[in-house]
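Chemist: What follows is a structure written as structure tokens; I'll ask about it next.
The values are calculated or read from the model by the stated rules, or taken from the named source; none is laboratory data. Since we're looking at a predicted model, the values are computed, not measured. Only protein heavy atoms, including side chains, enter the accessible area calculation; ligands, DNA and RNA are left aside. Shrake-Rupley method; radii C 1.70, N 1.55, O 1.52, S 1.80 Å.
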Amino acid sequence: QVQLVESGGGLVQPGGSLRLSCAASGFTFSIYAMSWYRQAPGKERELVADITSTGGSTNYADSVKGRFTISRDNAKNTVYLQMKSLKPEDTAVYYCKGPQWVRWGQGTQVTVSS
């Protein structure tokens, strides 16, 4: 079954950290670039970070540069998003994405609040 399953979200205080995981199955994970997106209430889904198939190159939205790190483990078919120095404006549902033909997963909720 082709799917993406995100996990690791939760409630965290401002300044805190979380590590999100996305487990992929049903396709050859290691040959595709992967991305993390997020969607806050009432806003469009936005690209947060992406990583090439080998992990050799990454890109970040300006809003998360220096605070978030995307990585992947091709042996585990998993992509990660390490988030540090979290801010209330990071509150959103976070989704991972692979090839265009793979459907969005259910996402994982991240809430940053005191």
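Chemist: Of all the accessible heavy-atom surface of the chain, with the other protein chains kept in place and a 1.4 Å probe, what percent is carbon and sulfur? Walk me through the numbers before you get to the answer.
Modeler: Working: 2810 of 6080 Å².
Within the chain, the accessible surface is 46 percent carbon and sulfur.
Chemist: Label the range 25-66 by shape, choosing from rounded, prolate and oblate, from the square roots a ≥ b ≥ c of the eigenvalues of the Cα gyration tensor; if a/c is under 1.5 it is rounded, and otherwise prolate applies when a/b is larger than b/c, oblate when it is not. List each step's numbers first, then the result.
Modeler: Details: a/c = 4.43, a/b = 1.51, b/c = 2.94.
The shape class here is oblate.
Chemist: Follow-up question, since we're still on this one. Per residue, what volume in Å³ does the Cα convex hull of the chain take up? Walk me through the intermediate numbers first.
Modeler: On the way: hull volume 10.4 nm³, N = 114.
Convex hull volume per residue, Cα atoms: 91 Å³.
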